[in-house]
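Student: First the structure, then my questions, so here it is.
The values are calculated or read from the model by the stated rules, or taken from the named source; none is laboratory data. All values reported here derive from a predicted model rather than from experimental measurement. Glycine also receives a Cβ, built like all others from the backbone with ideal geometry; neighbour counts cover every protein chain displayed. Protein only, heavy atoms only, side chains kept; ligands, DNA and RNA dropped before computing areas. Shrake-Rupley method; radii C 1.70, N 1.55, O 1.52, S 1.80 Å.
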Amino acid sequence: MTYGQVSKATFLSRPNRFTALVRLGGAQAAAHVKNTGRCAELLVPGAPVYLAKAENPARKTGWDLVAVEKGGLLINMDSAAPNKAAGEWLAAGGLGPLEQLRAEYRLGDSRFDFYARRAGRELLVEVKGCTLETDGVAAFPDAPTLRGLKHVRELTALARQGYDCRLLVVIQMKGPWLFRPNWATQPTFGRALAQARAAGVGLLAMDCRVTPAGMALDAPVPIDLAAPKGV
């Protein structure tokens, strides 16, 4: 998963969730933020950021903000990148040989990121991108997500019906040694993950090799679903 022309800039401010003001080449410029999450721990004044040139020259903002440096970490924060990178990983055999791999698969009233047939069973894969990291621990979500909770519960129900269901957490950086649900932000999501695993949903967290110009899934990261005391 790669971008075209990429330039380094300095983050200044985020006047709204879609727009960032940056210093690029000595001048102030506006960039589209390709992540509607809070990202408060990432987009801090003075942070080095990376901008991909917009493909549409007529667009109001000529750049997309796709990555940021936080301490020693380079973090991709493009919300479209996890699905693109996951699709490449699946096509390359990340879950073994697949047949009929396709994206954006509708089943009843639901839509899942990927569908395939694997070892004679119908496979459903839902992808979640993770950009939140603290002391080497990655966590999701960074803000309450009703949509994410709905997806986990749908996978749980379908796993009980016999589908091969997977939830793939794409950690958009290299370095975290553990993944946990963000219990402080949304304990119901953590409990739903535990219920999903108990129902047979395969949970997988993968870190990524990230460069300013792209991202690729790399290695599995252990998952800890133990709830803190009192949650």
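Student: Between a residue in segment 179-197 that is surrounded by fewer than 16 Cβ atoms within 10 Å (Cβ to Cβ) and any residue that is part of a helix (DSSP H, G or I) and not aromatic (Phe, Trp, Tyr), which pairs come within a Cβ distance under 7 Å, given they are 6 or more apart or on different chains?
Tutor: That search, which allows pairs on different chains as well, returns THR188/LEU149; GLN195/THR156.
Student: Continuing with this model, one more query. For residues that are basic (Lys, Arg) and farther than 21 Å from PRO181 by Cβ, scanning just segment 100-140, find the one that is most open to solvent (accessible area, probe 1.4 Å).
Tutor: Per the criteria, the residue is ARG106.
Student: Inspect all residues belonging to segment 150-162 and state whether any of them is in a strand (DSSP E or B) and acidic (Asp, Glu).
Tutor: no
Student: How many residues are hydrophobic (A, V, I, L, M, F, W, C), part of a loop (DSSP other than H, G, I, E, B) and over 20 Å from the mean Cα position of the chain (by Cα) if we restrict to segment 1-43?
Tutor: Here the count works out to 0.
Student: Do you know which of the residues in segment 60-92 that are basic (Lys, Arg) and open to solvent by 80 Å² or more (accessible area, probe 1.4 Å) is farthest from the chain's Cα centre (by Cα)?
Tutor: LYS60
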